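Asks: I have a structure here, written as structure tokens, and I will follow up with some questions on it.
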């Protein structure tokens, strides 16, 4: 399902904000980007001196990529062949930092800062209603732009990235603040907007040389589902309107047909009553077929066969109940079945095989949903389970 949504719901419009932390207050650098097929366009380039300006100027309906740099963000070059550098890297506590790194065969370049510093910025923007799709730390992500610019060095925020040919050689923060503008054809981007552009490119194309940390506060799938809900909501409203319009014309048509039928009924009331009775019988039979599951495109034996066939030997099924009874059957009552439901009971001593089996069930196209009602161990250390399956095609 997620793969299908990823193809339908795309991040064609993105807001990218760089928070540059300074002693006297944060500065916010902003890019608005638009992606058409494989072409990335910059729609707006702005700079804000306060979060209030950001809130008033940046539309929260588009997903946001956040980049944090400046005060508290450090750069480190690590020689993978140097024992001192390797020991420093091994002793680095990743639980206390957020980072973005560029890795090649000989070196690892790291931009990092305290985790709580970055999390505060993420929390602030989420509190303003922005949907954060991803985040980056420091200026290192601008390295992805070297292939297109080929300038030998790039000034990214206040950090200078120096290259030897196509390989990043060094990264260092400049003591004296400089400014530089880079030409990307139809738009010019300053050094403070340059890492934002690199972040967008990495977000879309996910270069393997860039490695970054994750935040529990950011859930990209949640943004996808919200966007899907809005898109499908509009489709449903349009569908409802079309159905309502069709219903109106249908009502007009059937009213005219009903008038004809009433005229015929004057001459053949007995035949009309017989037709009505047959219609009721048909509806009752269809309802019974639906309640018992026989209206499904697949037979009950199909479901039992598919589940039994895919059940590994490590799992012993004690009960496979297709369309179980709603309640105990009494002689004075009709049989009531739970249409579209299968209940499984059994046991296993191999939880790994059990999990693999669940993944196999999840991939079956006729299963709409399944729920583990219970999973517990008995005195013999066997795992007893009970699973409820809801079918799609019923």
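No lab work stands behind these numbers, since they all come straight from the coordinates. Computed from a prediction, not measured in an experiment: that's the story for all the values here. Glycine also receives a Cβ, built like all others from the backbone with ideal geometry; neighbour counts cover every protein chain displayed.
Asks: Quick check: residue separation of residue 283 and residue 319 times 0.36 nm, minus the Cα distance between them. What number comes out in nm?
Replies: Full extension of this stretch gives 9.6 nm more.
Asks: Still on this structure: Return 144, 137 ranked ascending by Cβ neighbour count within 10 Å, so the fewest neighbours appear first.
Replies: 144, 137
Asks: How do 315, 372 line up, fewest other C-beta atoms within 10 Å first?
Replies: Ranked by crowding around the Cβ, least crowded first: 372, 315.
Asks: At a 10 angstrom cut-off on C-beta neighbours, averaged per residue, how do the peptides 165-171, 61-67 rank from highest to lowest?
Replies: Top to bottom by mean Cβ count within 10 Å: 61-67, 165-171.
Asks: Then there's this: Using 1/(1 + (r/R0)^6) with R0 = 45 angstrom and r between the beta carbons of residue 22 and residue 237, what's the FRET efficiency to the nearest 0.05?
Replies: E(calc), rounded to 0.05, equals 0.45.
Asks: Multiplying the sequence separation of residue 218 and residue 308 by 0.36 nm and subtracting their Cα-Cα distance, what value in nm do you get?
Replies: Working: separation 90, 0.36 × 90 = 32.40 nm, distance 4.02 nm.
Length gained between residue 218 and residue 308: 28.4 nm.
Asks: Counting other C-beta atoms within 10 Å, which of 341, 33 has the fewest, and how do the rest follow?
Replies: In increasing order of surrounding Cβ atoms, one gets 341, 33.
Asks: Taking the Cβ-Cβ separation of residue 119 and residue 169 as r and a Förster radius of 35 Å, what is the calculated FRET efficiency to the nearest 0.05?
Replies: E between residue 119 and residue 169, to the nearest 0.05, is 0.65.
Asks: How far, in nm, would the chain grow between residue 40 and residue 90 when pulled straight, counting 0.36 nm per residue and subtracting the alpha carbon separation?
Replies: Values: separation 50, 0.36 × 50 = 18.00 nm, distance 3.78 nm.
Taking residue 40 through residue 90 to full extension adds about 14.2 nm, to one decimal.
Asks: Okay, moving on. How far apart, in nm, are two points set 7 Å out from the Cα along the Cα-to-Cβ line at residue 262 and at residue 51?
Replies: The answer from the label model is 6.9 nm.
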